[in-house]
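Structure, as structure tokens:
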Amino acid sequence: QVQLVESGGGLVQPGGSLRLACAASGNVFKFSTMAWYRQAPGKQRDVVADITSAGNTNYADSVKGRFTISRDNAKNTVYLQMNSLKAEDTAVYYCNRRYGSWSWGQGTQVTVSS
């Protein structure tokens, strides 16, 4: 069973930046399309960005031009660089496979507030 551990969240002012990381166990990471999701209080979990094993990326309209997803298959790690953060980006951020989820990790809290 793949285990996912997210890190890098925190409190940041509007306009600031954060870089999230998600480390995965096991040997299937490098073959998987990975994604970052987020869930704000009282809302459903939504996909923010995804990246194929070859490095092709897709973004939700709300984060295009501000967020960048990347991966390091040698380290079994996927990243999310978040710039120009807004209050509406506040949520718990999770990573997982894009299609057919593994067990969810604990997520990492991102709070954008002045």
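Of all DSSP-defined beta bridges confined to the chain, some 90% are antiparallel rather than parallel. Relative to its Kirkwood radius, the Cα radius of gyration of the chain gives an Rg/Rh of 0.94. What number, in percent, do you get for the relative contact order of the chain if the mean sequence gap of Cα pairs under 8 Å and at least 6 apart is divided by its residue count? Over the chain, the number comes to 38 percent. For residue 102, the residues whose amide H sits under 5 Å from its own are 97, ignoring neighbours fewer than 5 places away on the same chain, with H placed 1.01 Å from N.
Summing Cβ point charges (Lys, Arg +1; Asp, Glu -1) relative to the Cα centre of the chain gives a dipole of roughly 140 debye. The residues of the chain expose on average 52 square angstrom of accessible surface per residue, using a 1.4 Å probe on protein heavy atoms.
The values are calculated or read from the model by the stated rules, or taken from the named source; none is laboratory data. Values in this document were obtained by computation on a predicted structure and should not be read as measured data. With ideal geometry, Cβ positions are generated from the backbone for all residues, glycine too; neighbour counts draw on all protein chains shown. Just so you know, the surface numbers come from the protein's heavy atoms only, side chains and all, with ligands and any DNA or RNA stripped out. Shrake-Rupley method; radii C 1.70, N 1.55, O 1.52, S 1.80 Å.
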